[in-house]
Amino acid sequence: MAMTESPLDTSNIDQEQLLASAEKGTSLWADAWVRLRKNRLALVGLAILVFLTVVSILTPWIAPYGYEVQDLALGASAPSREHWFGTDIFGRDLLTRVMYGGRMSLAVGFVATGVALVIGVLWGTVAGYAGGRVDAVMMRIVDILYALPFMIFIILLMVVFGRNILLLFLAIGAVEWLTMARIVRSQVQSLRKQEFIEAAYSLGLSRWRIIHRHLIPNTLGPVIVYTTLTIPSVMLLEAFLSFLGLGVQPPASSWGLLINNGVETMEEYPWLLIFPGLALSITLFSLNFLGDGLRDALDPRASKD
Amino acid sequence: MFKFTLSRILQAIPVMLVVVTVTFFLVRLAPGGPFDAEKAVPPEVLRALEANYNLDLPVWQQFTHYIGDLLQGDFGPSFRYPGRSVNELIAAGLPASAELGFYALLVAIVIGILAGIISSLRPNTAQDYIPMSAAMIGICMPSFLLGPVLVLIFGIWLEWVPVSGWGDIPGDKILPALTMGSAYAAYIARLSRGGMLEVLSQDYIRTARAKGLPERVVIFKHALRGGIVPVIAYLGPAFAGLLTGSFVVETIFQIPGLGRFFVQAAFNRDYTMIMGSTIFFALLIIVFNLLSDIVAVWINPRLRHQTQGG
Amino acid sequence: MALLDVSNLKVHFHTRNGVTRAVDDVSFSLDAGETLGIVGESGSGKSVTCYSLLGLIPMPPGKIESGTALFNGEDLLNCGEKRLAQIRGDDIAVIFQDPMTCLNPYLTIGEQLIEPLTYHRNIDRKAAKERAVEMLREVGIKAPERRYDSYPHELSGGMRQRVMIAMALIAEPKLLICDEPTTALDVTIQAQILKLIRELQQRHGVAVIFVTHDLAVVSQVADRVLVMNQGKVVETGNTRQLFANPQRAYTRKLIAAIPTGSKAQPRVQDEAPLLAVEHLKTWFRDYSVGYFSARRHPEVGHIKAVDDISLHINRHEILGIVGESGSGKSTLGRAILGLAPVTGGQINYRGERIDQLGNRQRKPLRQQMQMIFQDPYASLNPRMTIFETLAEPLLVHGLATRKTVTAQVLALMDDVGLARNYIRKYPHEFSGGQRQRIAVGRAIATKPEFIVADEPVSALDVTIQAQILDLILDLVDKHNLTMMFISHDLSVVRYIADRVLVMHHGKVIEEGKTESLWTAPAEDYTRQLLAAIPRFEVDAPAHNL
């Protein structure tokens, strides 16, 4: 068996760099970043999200007005030079309120999804990898939780324990991890039967190494897509609770609350609905594009152009 | 099939037990009781009230009493609507909610599956992007925004359909059903697109084409059954969700449904009503999940075979 | 006039990565009742040629650039999709490769069988059913009335392929296209199906295009043959003459790659067994049997994948394990490496019992005992580069330091014949043969003594298969390996193994030195297996090889 194409050419390989990247296990993410940079839509989505996040963090310092400063004499006014997004019926600056609302909505979205992500991925991976009785018990628990009518459960929690924002995050996160756990488990189960996992096992790798080097990287695609779907659904859940009067309370704001208020006066003062609605939509679309882009970027098999 | 159904029903019993127990004690953990709001009730009247509702007994005895009644299908009297039982309240609201849910589901299935099929036939073209972008908007649009917008456009500007009511004017059920069904239609569209894309790449679709079958036969007879499998798994939770999530739509369109009772019950600390609604919904979720599992098995001959053995 | 006359057919695939000339100026013709074999490796364009005639390639990205295909004087490439749909399934029928995936799992056999009749001939369902039952009987399906209402999953692979054949012939087509119709089947079933196709062809006088990668099969069925490579016709002619006297280098290469004969010389062996397996059993729970009855009657409640097998492998020996699908040969290999459970019996390695070792105790052993898997597409982590894949075993077993690992990986790549500049690439960027080289490299990375190779070449093209087999033989020599070589392909085993074990239904049927087993098989089952291997038949000895 002659080797036809094996020039002793190592000059173009930076061995040190290669070693470093391969050993730290960062090459997957580094490669993903290289691929992501070529996806324009995903980059735009990422840029918008970063921008919104930074603005949210800095809001208390950069907002043009205070969020509860009223100008009753002015009342609801259309967008103008002083008030870019206009003012609401109490004469409060809408831009300021949208910025503060974004702070709340993004925080709910990211924190609750983070809670769901951590619990869901761990629960699903352990159940899927352990299999057998452990898996059966763990998934039965998920089934039981699924059967609880969660909308009522959350309303109940909010009524019972008062309008505690931290509790709201936790409660929503506790609802959303169930589906995540199911998705991860089914991924892990199908991966576990793949030959490359068997090969890793027969190489004598430790369980932990198999899980974090071979299993988890291969579940990332669906997890990321589901995460980007979870963030919007969490934000909508918060909006729904605001609609019930159980979420954020005026004069504080969230996008859900602003949209809800805007709906009531949409015929007379359409900007009160349009601006918060736009903010929410842009965020959700950005998340969607970023999610699809990340999924593709994390899969080396996706086309490289 | 019988064994499968039976085992699923048996599995539901412990689930229901957990649901009942958790809600029972959670409700009672809450600060404040059901009669707090009624000011200046003389202590003896309050005591009589509590005795009437067994609230003077130790909690565990309240629990056993409740379970006993529950086993006879009795959710107990409402704390807030004197003289009316929870069973009556549920029975009063159920028809409207069920009808609304049914129409919304119909909207969701018809629009969702059609959009999914259309997208899947020419993936990554305008025929795919347009329905799928609409679906994305449908998912992102909260119903308390979509409802008023629909009312504004079709009810007020175009004056095509009535803006509210339930069963009074012909056509007044159209907007509520659309409002409720659209988010579900969007999910179903995404699911059926994925399912159809998967099936359309299967070898047996090529076989069907190689037999020279017309394209509509290939799609509706050969591909659709496999393509909607993910949709069917989703329908169970979806229908339960349509019933529980109807509060917003019932409020906007002034529909005398269940959703409002339940939300009010939570606000009012109407213990029995909260319990009743929670258990009722848990039961619905379990029943509809079971139904969708049965349909999934029935539609797929391979599963049908496996479940016969047991 | 020829039944089918294809001239200057060009089919291109337009992808984002450029244009692939899948079929590049192909011409051939076929007379009524004749059989034309189209032979080529994967990617040669042999299937695309056939599918493009029927409008069955996905368009886009596929596009028929030019050419004509006159069928009974009518140009298939220009008659419009509607007319083409009328011709498909009526005048021209197709049998596909994998009977497991080509029948619709949601519809009954009968429903699928009668479709060509109800849609092309407007025959009512009752008459169509009569015809279908008759056809099922003709293709050798027992109790056809009952099978008519069965679903595909209730039939074995061979039966399903019979159903596919019945479905193709039910409307009495003039031309039958068979695309690798026996590739997914066991060798004994393959022999039956080939015989059936030949009989039916003669009885119904139908012309056949037989697409395959297997030269032996084509030498048995085809009157004329067309050799294809990279979208082009290499050469064409009378089958036996062409194979006896190939004109082109590519054809000669194909013929040379067929594993024939036995190993040049058995390796010198130590008589001391490296591995000894005694009464090994691996049983799996049969979930169609209830839990309690399975506990009461373990004989009934379990699938006996490996059932009381004893064997030994001497140092530096290659032991071939041969069997059809479901014979338990893979499970045996996995059980030895601790990848499948051991229900009973024992496994001794270097005289020490290893079947009861825990995960941690087994780790030093894993360095010495390795495995090469069948599917090089599934056995490599798609998210790890070649460097990561090959470096992992070295680092985990402490055989390399961070300083030396790159050099060691490069040396390994040299060893298995991979160009060094591929080191940063991901598995999907490689061909099947290159991937299998990576997998082989990973298996020998820890310098093991013993390797289980589970069908390492069955997913590969014949010329690649020959290269990988030679690579394995080279490495076995170079590193003094002992190997258990599992395969369904008897010719491959004969080519590589010193000694052979024949398995069937979890049991050993026969065991012996490779050549003596071939020349004088003692058991009926072995004889059947050997008889079923399609012979590569040519007119005159191929003296120019």
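The values are calculated or read from the model by the stated rules, or taken from the named source; none is laboratory data. Just so we're clear, the structure is a prediction, and the values are computed from it rather than from any experiment. Note: ideal-geometry Cβ built from the backbone for every residue, glycine included; neighbour counts use all protein chains shown. Please note that ligands, DNA and RNA were not included when accessible areas were found on the heavy atoms of the full protein model with its side chains. Shrake-Rupley method; radii C 1.70, N 1.55, O 1.52, S 1.80 Å.
Screening the stretch C:204-227 for residues that are closer than 15 Å to C:ILE92 by Cα and small (Gly, Ala, Ser) and picking the one that is surrounded by the most Cβ atoms within 10 Å (Cβ to Cβ) gives C:ALA207.
Taking the stretch C:401-417 as the region of interest, how many residues are outside any helix (DSSP H, G or I) and within 30 Å of C:ALA340 (Cβ to Cβ)? Qualifying residue count, the stretch C:401-417: 1. Among residues of the stretch A:110-126 being open to solvent by 20 Å² or more (accessible area, probe 1.4 Å) and closer than 29 Å to B:VAL287 by Cβ, the one that is nearest to the chain's Cα centre (by Cα) is A:ILE119.
Residue count for the stretch C:340-375 satisfying the condition of being assigned to a loop (DSSP other than H, G, I, E, B) and facing another protein chain (nearest Cβ under 9 Å): 3.
You will find that of B:LEU114, B:LEU152, B:LEU175, B:LEU146, the residue that is in contact with a Gly (Cβ under 7 Å, 6 or more places away or on another chain) and part of a helix (DSSP H, G or I) is B:LEU175 and no other. Filtered by the rule that a residue be assigned to a loop (DSSP other than H, G, I, E, B), surrounded by fewer than 23 Cβ atoms within 10 Å (Cβ to Cβ) and hydroxyl-bearing (Ser, Thr, Tyr), the stretch C:28-50 gives a lone residue, C:SER42.
Identify the residue in the stretch A:159-194 that is at pLDDT 85 or above and closer than 30 Å to C:MET371 by Cβ and, among all such residues, is surrounded by the most Cβ atoms within 10 Å (Cβ to Cβ). Here the residue is A:VAL184. Only one entry of B:ALA104, B:ALA98, B:ALA115, B:ALA126 meets the criterion of being open to solvent by 20 Å² or more (accessible area, probe 1.4 Å) and within 30 Å of B:MET273 (Cβ to Cβ), and that entry is B:ALA98.
When only residues in the stretch C:56-96 that are under 27 Å from the mean Cα position of the chain (by Cα) and more than 8 Å from every other protein chain (Cβ to nearest Cβ) count, which is farthest from C:ALA168 (Cα to Cα)? So the residue we want is C:GLY62.
Entry remark, the stretch C:181-197: residues being part of a loop (DSSP other than H, G, I, E, B) and crowded, with 19+ Cβ neighbours inside 10 Å number 5 in total.
Every residue, every condition in (1) surrounded by fewer than 22 Cβ atoms within 10 Å (Cβ to Cβ); (2) facing another protein chain (nearest Cβ under 9 Å), yes or no:
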residue	(1), (2)
B:LEU191	no, no
B:ALA210	no, yes
B:VAL218	yes, no
B:HIS222	no, yes
B:GLY226	yes, yes
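Checking the structure you have, find out if any residue of the stretch C:457-475 is closer than 25 Å to C:ALA305 by Cα and either open to solvent by less than 40 Å² (accessible area, probe 1.4 Å) or acidic (Asp, Glu) (or both). Within the stretch C:457-475, one or more residues are closer than 25 Å to C:ALA305 by Cα and either open to solvent by less than 40 Å² (accessible area, probe 1.4 Å) or acidic (Asp, Glu) (or both). Candidates in the stretch B:82-95 are the residues that are open to solvent by 30 Å² or more (accessible area, probe 1.4 Å) and in contact (Cβ under 8 Å) with a residue 40 or more places away in the chain; of these, the one that is farthest from B:ARG190 (Cα to Cα) is B:ASN87.
For B:GLY236, indicate whether it is under 19 Å from the mean Cα position of the chain (by Cα), open to solvent by less than 10 Å² (accessible area, probe 1.4 Å) and closer than 19 Å to B:LEU106 by Cα. Yes, satisfied. Out of all the residues in the stretch C:158-165, is one or more polar (S, T, N, Q), part of a helix (DSSP H, G or I) and either open to solvent by less than 40 Å² (accessible area, probe 1.4 Å) or within 26 Å of C:GLU324 (Cα to Cα) (or both)? The answer is yes; a qualifying residue exists. Here C:GLY333 qualifies as within 17 Å of C:VAL493 (Cα to Cα) and surrounded by 15 or more Cβ atoms within 10 Å (Cβ to Cβ). For the stretch C:206-221, a residue qualifies if it is within 14 Å of the chain's Cα centre (by Cα) and part of a loop (DSSP other than H, G, I, E, B), and the qualifying residues are C:HIS213, C:ASP214. Within the stretch A:206-213, identify whether any single residue is open to solvent by 30 Å² or more (accessible area, probe 1.4 Å), aromatic (Phe, Trp, Tyr) and closer than 24 Å to C:GLN374 by Cα, and answer yes or no. No, every residue in the stretch A:206-213 fails to be open to solvent by 30 Å² or more (accessible area, probe 1.4 Å), aromatic (Phe, Trp, Tyr) and closer than 24 Å to C:GLN374 by Cα.
Checked against the criterion of being over 22 Å from the mean Cα position of the chain (by Cα), open to solvent by 10 Å² or more (accessible area, probe 1.4 Å), over 30 Å from A:LEU258 (Cβ atoms) and touching a residue at least 60 places away in the same chain (Cβ under 8 Å), the candidates A:TYR201, A:TYR129 yield just one match: A:TYR129. For the stretch A:32-82, taking the residues that are crowded, with 17+ Cβ neighbours inside 10 Å and of a type in the set (Val, Ile, Thr), the one that is nearest to A:TYR269 (Cα to Cα) is identified as A:THR59.
Among the residues making up the stretch A:83-109, a single one is in contact with a strand residue (DSSP E or B) (Cβ under 8 Å, 6 or more places away or on another chain) and open to solvent by 40 Å² or more (accessible area, probe 1.4 Å): A:PHE85.
Of all residues in the stretch C:352-378, those that are open to solvent by 50 Å² or more (accessible area, probe 1.4 Å) and free of Cβ contacts under 8 Å to residues at least 60 places away in the same chain total 9. So is C:THR182 under 22 Å from the mean Cα position of the chain (by Cα) and within 10 Å of chain B (Cβ to nearest Cβ) or not? Against the criterion (under 22 Å from the mean Cα position of the chain (by Cα) and within 10 Å of chain B (Cβ to nearest Cβ)), C:THR182 does not qualify.
Output the number of residues of the stretch C:417-426 satisfying the condition of being open to solvent by less than 60 Å² (accessible area, probe 1.4 Å) and either at the interface with chain A (Cβ under 8 Å from one of its Cβ atoms) or modelled with pLDDT of 90 or more (or both).
The qualifying residues number 6.
Answer yes or no: is there a residue in the stretch A:268-275 that is open to solvent by 40 Å² or more (accessible area, probe 1.4 Å), of a type in the set (Val, Ile, Thr) and under 16 Å from the mean Cα position of the chain (by Cα). For the stretch A:268-275, residues open to solvent by 40 Å² or more (accessible area, probe 1.4 Å), of a type in the set (Val, Ile, Thr) and under 16 Å from the mean Cα position of the chain (by Cα): absent. The test for being at pLDDT 80 or above and not in a helix (DSSP H, G or I) holds for A:GLU268. Mind checking which residues of the stretch A:247-303 are away from every other protein chain (no Cβ under 12 Å) and touching a Pro at 6+ places or on another chain (Cβ under 7 Å)? Within the stretch A:247-303, just A:TRP271 meets the criteria.
The rows are residues; the columns are (1) among the basic types (Lys, Arg); (2) crowded, with 20+ Cβ neighbours inside 10 Å; (3) assigned to a strand (DSSP E or B).
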| residue | (1), (2), (3) |
| --- | --- |
| C:PHE13 | no, no, yes |
| C:THR20 | no, no, yes |
| C:VAL23 | no, yes, yes |
| C:VAL26 | no, yes, yes |
| C:SER52 | no, yes, no |
| C:PRO58 | no, no, no |
| C:GLN86 | no, no, no |
| C:ASP90 | no, no, no |
| C:ALA93 | no, yes, yes |
